[in-house]
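The block underneath contains the structure these notes are about, expressed in structure tokens.
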Amino acid sequence: MTSGNTPKYRPATNLVHGGTERTQWGETSEALILTSGYMYDSAEQAQARMAGEIPGYVYSRYNNPTVAMLEERLRLMEGAEACRTMASGMGAMSSLLFAPVQAGDRVVGANALFGSCRWLIANQLPKFGVETEFVDGMDMEAWERALSKPTKLVLVESPANPLNDAVDIAAVAELAHKAGAQLIVDNVFATSMLQSPFELGADWVFYSGTKHMDGGGRVLAGAILGPQKDMEEIIDPYIRHTGPSLSPFNAWVVLKGLESMPLRVAKQSENAAIVADRIADHKALRAIRYPGRKDHPHYEVHAKQMKSGGTMMAISLAGGQEAAFRFLNALELVGISNNLGDAKSLACHPSTTTHRAVPVEEQASMGLDASWIRISIGLEDVEDLTEDFIRALDSALGE
């Protein structure tokens with residue numbers, strides 16, 4: 001399901017109808033095809049399907065009708081040539097990082113990345129003879145130096161987990177391509193509703209479908225989108241033989257979540273902007289990082305690339321980790337969780353959760369310390385959210 005990359009309809013319509021293929025029963029909702037394998041009419045047909053000589057499904061580790069509907073819907077959403085989904089976001093990211101490289105290749109990542117993404121580059125790729133380097137995402141001179149020699153892959157995340165750092169995607173894409181590299185953009189925080197990495201020069205776009213796509217904290221899923229030729233020749237053999245397959249049930253749940261994603265992301269972003277403004281001057285705060293606020297140090301880059309400030313913010317408590325923990329423990333409405341993009345507002349302490357595997361000195365290079373809280377804003381009434389955050393910030397003062 002990868003022919004063409006020009007959607008017929010606009011994004012919100014594609015997220016309701018895109019990729020739907022009905023069975024002979026003519027169901028309204030997408031069919032949930034729970035099966036491990038498929039039957040053939042003859043031994044000759046089995047041989048031809050397995051050889052790829054005729055279309056059809058052969059094994060759900062390779063492909064599945066429900067999963068294929070999700071992949072086509074995401075392809076249309078992003079305007080990509082091809083999409084593959086996997087069992088989790090990190091299943092997708094590890095496939096994208098490992099399948100194309102070999103010993104002697106070079107991979108460069110922005111300093112600010114989700115903890116597991118950074119761990120793969122820092123700890124796993126070097127085991128296989130791949131040279132790796134991290135760069136301050138906003139330092140264009142550092143990017144020029146890092147990409148002055150041949151490179152295979154470049155990974156950036158903007159806004160980045162957990163402090164909403166920015167990367168000028170178009171500028172880095174130009175440098176990456178001069179170095180012979182393909183640029184991967186982790187677009188999880190922004191979502192396709194607010195940022196279009198392919199339009200900025202990305203070669204690959206990555207998503208954790210666990211987040212805004214599901215939107216209800218129900219299932220794990222991951223997706224990568226990119227060139228059809230590379231997907232078929234490089235990614236497909238890797239995922240077929242290593243098996244990070246997405247469950248058809250999880251694919252079906254994400255399909256249903258996509259139908260409401262434009263509405264959810266718009267309202268969550270609206271709520272986030274209001275909450276950020278209302279708590280910004282609280283005396284318990286040392287700093288606030290929200291992409292839509294002009295006091296964000298990377299505001300101009302975010303404003304150039306994003307349609308709004310998004311659903312995520314980070315706050316630094318003046319009293320360090322003790323104050324951060326007092327804040328979290330005082331929350332009544334907002335849940336303590338390391339998930340994000342949910343309809344429910346969630347908060348976590350990155351240094352001890354999402355980025356705990358990143359050494360303290362590396363956290364510091366990202367600007368992260370134990371005073372920071374990451375917040376994912378949901379769909380609750382903004383007045384209730386404001387009251388909960390201000391009450392928790394009052395508690396953080398420890399007075």
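For the stretch 144-158, state whether one or more residues are under 25 Å from TYR290 (Cα atoms), open to solvent by less than 30 Å² (accessible area, probe 1.4 Å), modelled with pLDDT of 95 or more and part of a helix (DSSP H, G or I). No - not one qualifying residue is present in the stretch 144-158. The set of residues from the stretch 284-337 being basic (Lys, Arg) and within 15 Å of TRP372 (Cα to Cα) comprises ARG286, ARG289, ARG326.
Looking at (1) free of Cβ contacts under 8 Å to residues at least 60 places away in the same chain; (2) open to solvent by less than 50 Å² (accessible area, probe 1.4 Å); (3) touching a Pro at 6+ places or on another chain (Cβ under 8 Å), can you tell me which one GLY137 breaks? All conditions pass for GLY137, except number (3). Cβ separations smaller than 6 Å between residues 6+ apart or across chains give the following pairs from the stretch 322-340 residues that are in contact (Cβ under 8 Å) with a residue 60 or more places away in the chain to residues that are of a type in the set (Lys, Arg): LEU340/LYS211. Residues of the stretch 270-308 that are open to solvent by less than 10 Å² (accessible area, probe 1.4 Å) and within 17 Å of ALA190 (Cβ to Cβ): ASN271, ALA272, ALA276, TYR290, PRO291, HIS296, HIS302. Residue-level analysis places LEU258 among those that are at pLDDT 95 or above and either among the β-branched types (Val, Ile, Thr) or closer than 13 Å to LEU74 by Cα (or both). When the test is whether a residue is of a type in the set (Gly, Ala, Ser) and over 23 Å from LEU74 (Cα atoms), ALA266 does not pass it. A single member of ALA370, ALA347, ALA396, ALA364 is open to solvent by less than 10 Å² (accessible area, probe 1.4 Å), closer than 23 Å to HIS298 by Cα and not β-branched (Val, Ile, Thr), and it is ALA347.
The values are calculated or read from the model by the stated rules, or taken from the named source; none is laboratory data. A quick note: this is a predicted structure, and the numbers were derived from the prediction, not measured. Cβ coordinates were reconstructed from backbone atoms using ideal geometry, including for glycine residues, and neighbour counts include every protein chain displayed. Calculation scope for accessible area: heavy atoms of the full protein, side chains included, ligands and nucleic acids excluded. Shrake-Rupley method; radii C 1.70, N 1.55, O 1.52, S 1.80 Å.
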